[in-house]
Amino acid sequence: MNNISPQYKAYLKKQKRNKWLVHLIQVFILVAIIGLWELLAIIGAIDTFITSSPSKIIETIINLATQGDLMLHVGTTLYEAILGFVIATGLGTFIAILLWFSETARKVLDPFLVVLNSLPKIALGPIIIIWVGIGTTSIVVMDVLIMIIITTITMLNAFCNCEHNKIMLLTSYGANKLQILSKLILPNAILDFIGVLKVNVGLTWVGTIMGEYLNSRAGLGYLIVYGGQVFNLNLVMASTVILCVLAAVMYLIVAAFEKYVKKHLVS
C-alpha cells in the first residue's frame, strides 16, 4: 500500500464511497416502495384483497412458520432448485466440453441446440410427467431442461472463442487436447462460467416454480397455485416475497464466488 500514489488512493476511496452510495440508494428505493405500499393500504387507496400489503405478508409468513408449514414448503422448493441448478450447470458444461473436443459433432448438433433452446419447455410438462411420474423428479427434470441448453451453448461459445494463437502455441510444445483443455480452455472460460451461474440463478427458480405449477404437493409454487385457487392473495404474495429472498441469497453467493475468483484466480 505504501507504493500506491495519493491520486490512486483518492480514486479507490471515491470508488468505495460510490459503491456504498449505490447500496444506500437501493435500500432507500426498496424501503420507499414498501412504505408507500403499506401507506396506500392503510388509507384504503388500494384494495388489499387484490394487492395484499407488507404487514399482511409478514403476518402470513409468521402464520406459516407457527403452523410448521413454512420450512416444509421453503425446504422443498430450495432442494428442487439447488438440485436442478447443480445438475443443469454441471451437465451442460460437460456436454460443452465434449462438443469442443469434436468439431464434427459440434457442427452437426449446433442447429438442434438452437431449436431445443427456443422450444417452450412448459409444453413438455405433460410428457415429463408421463415419463418420470409426479413429484420431485419431474420438477427437477423441468428445471434442468430450462437451463441445460443455454448452459451448453454459452460454455461452448466460451471454449471456442479462446485465442487460436494460444492454442497453436501449446500445440507446438506438444500439448494434447486434454492438456489444452485443462491448462488453457477451462481457465480462460472461468468468467463465462460465472456468467452462466448468474443466469441459471434466475432460470432455476423459473423452472422449479413451473414444475411445481404442473404437479406438486408442497413447495412455494404449490402455495402460489393454492393461494390463487382460494383467492388468498396474502399467501400468493408471501410466497412470492420468499422466492425473491431465496433468489437474492443465491445470487449473492454466486457474486461472492465471482469476487473471490477475480481476486485470487484471474490476473
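The values are calculated or read from the model by the stated rules, or taken from the named source; none is laboratory data. All figures in this text were calculated on a predicted structure; none of them were measured in a lab. All Cβ positions, glycine included, derive from the backbone under ideal geometry; neighbour counts span all protein chains shown. Side chains are part of the model used for accessible areas, which takes the heavy atoms of the whole protein and leaves out ligands, DNA and RNA. Shrake-Rupley method; radii C 1.70, N 1.55, O 1.52, S 1.80 Å.
Of the residues making up region 184-196, one or more are within 27 Å of Ser138 (Cα to Cα), open to solvent by 10 Å² or more (accessible area, probe 1.4 Å) and part of a helix (DSSP H, G or I).
Across region 84-113, which residue is farthest from Asn157 (Cα to Cα) among those that are open to solvent by 60 Å² or more (accessible area, probe 1.4 Å) and touching a residue at least 40 places away in the same chain (Cβ under 8 Å)? Ranking the qualifying residues of region 84-113, first place goes to Ile87.
Any chance region 38-46 includes a residue that's touching a Ser or Thr at 6+ places or on another chain (Cβ under 6 Å) and surrounded by fewer than 19 Cβ atoms within 10 Å (Cβ to Cβ)? Yes; the residues of region 38-46 include at least one that is touching a Ser or Thr at 6+ places or on another chain (Cβ under 6 Å) and surrounded by fewer than 19 Cβ atoms within 10 Å (Cβ to Cβ). When restricted to residues that are over 24 Å from the mean Cα position of the chain (by Cα) and either farther than 26 Å from Pro54 by Cβ or not β-branched (Val, Ile, Thr) (or both), region 15-35 contains 10. Please work out which residue is modelled with the lowest pLDDT, limiting yourself to region 132-158 and to residues that are within 22 Å of Trp205 (Cα to Cα) and open to solvent by 70 Å² or more (accessible area, probe 1.4 Å). Applying the filter and picking the extreme gives Ile134. Filtering region 213-253 to residues that are open to solvent by 30 Å² or more (accessible area, probe 1.4 Å), among the hydrophobic types (A, V, I, L, M, F, W, C) and in contact with a Gly (Cβ under 6 Å, 6 or more places away or on another chain) leaves only Leu214. Would you confirm whether any residue within region 26-35 is surrounded by 13 or more Cβ atoms within 10 Å (Cβ to Cβ) and out of contact with any Asp or Glu (no Cβ under 6 Å at 6 or more places or on another chain)? Yes - at least one qualifying residue is present in region 26-35.
A quick yes/no check of all residues on (1) without any contact (Cβ under 8 Å) to a residue 24 or more places away in the chain; (2) over 25 Å from Thr89 (Cβ atoms); (3) touching a strand residue (DSSP E or B) at 6+ places or on another chain (Cβ under 7 Å):
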site	(1), (2), (3)
Val201	no, no, no
Ile209	no, no, no
Tyr213	yes, no, no
Leu223	no, yes, no
Leu233	no, yes, no
Ala247	no, no, no
Met250	no, no, no
Val261	no, no, no
Leu265	no, no, no
